[in-house]
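One structure is given here, and the rest of the page talks about it.
Just so you know, all these numbers are worked out from the coordinates, no wet-lab data involved. The shown structure was predicted, so the numbers you read here are calculated from the model rather than taken from an experiment. Reconstructed Cβ throughout: ideal geometry from the backbone, glycine too, with neighbour counts over all protein chains shown.
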Amino acid sequence: MKRMLFLISLMVFLTIFSSSLAFCQDKSSQIASFIEGKVNSDGFNGCSCRSIGNQLVQCDIRFPIGTNKAEATRNVEGVADLFAQVGRLASTIYYTGYVGSQKVCEFKYDMYSGEVVRNK
């Protein structure tokens, strides 16, 4: 019985330890490429994502001049929410929406809480 309990606790410890190591590695460049590739599809090419540091990603989503600001904001929030639902991503991600060259919104995905919040 003690041996079985020891083996179970050892397996739990190794699982937690290995997942924490994978979580700590900087995958921000891969995450940036993944998001950019998925958003820039079906004729849209206004998303550019890049790694801006250890576990930090910046995604700029640009809409043509004349796009309604509320619509652009909803779309940027939708993109942020969509990727938050994929699962825990190992980077904090800033999504910034632009209409033309004017910044209209910014959302932040927090890698620790898994939540998307709007930055003021």
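If you go through the stretch 97-110 one residue at a time, do you hit one that is more than 30 Å from Gln25 (Cα to Cα), among the hydroxyl-bearing types (Ser, Thr, Tyr), free of Cβ contacts under 8 Å to residues at least 40 places away in the same chain and surrounded by fewer than 16 Cβ atoms within 10 Å (Cβ to Cβ)?
Within the stretch 97-110 (the criterion being more than 30 Å from Gln25 (Cα to Cα), among the hydroxyl-bearing types (Ser, Thr, Tyr), free of Cβ contacts under 8 Å to residues at least 40 places away in the same chain and surrounded by fewer than 16 Cβ atoms within 10 Å (Cβ to Cβ)), the answer is yes, since at least one residue qualifies.
Please enumerate the residues belonging to the stretch 37-83 that are touching a Ser or Thr at 6+ places or on another chain (Cβ under 9 Å), among the hydrophobic types (A, V, I, L, M, F, W, C) and surrounded by 13 or more Cβ atoms within 10 Å (Cβ to Cβ).
Listed by number, the residues that qualify are Cys49, Ile52, Leu56, Val57, Cys59, Ile61, Val76.
Condition check: crowded, with 18+ Cβ neighbours inside 10 Å and within 17 Å of Tyr109 (Cβ to Cβ). Does Val86 satisfy that?
No: the conditions fail for Val86.
Might you let me know whether the stretch 45-55 holds any residue that is outside any loop (DSSP other than H, G, I, E, B) and hydroxyl-bearing (Ser, Thr, Tyr)?
Yes, the stretch 45-55 contains at least one residue that is outside any loop (DSSP other than H, G, I, E, B) and hydroxyl-bearing (Ser, Thr, Tyr).
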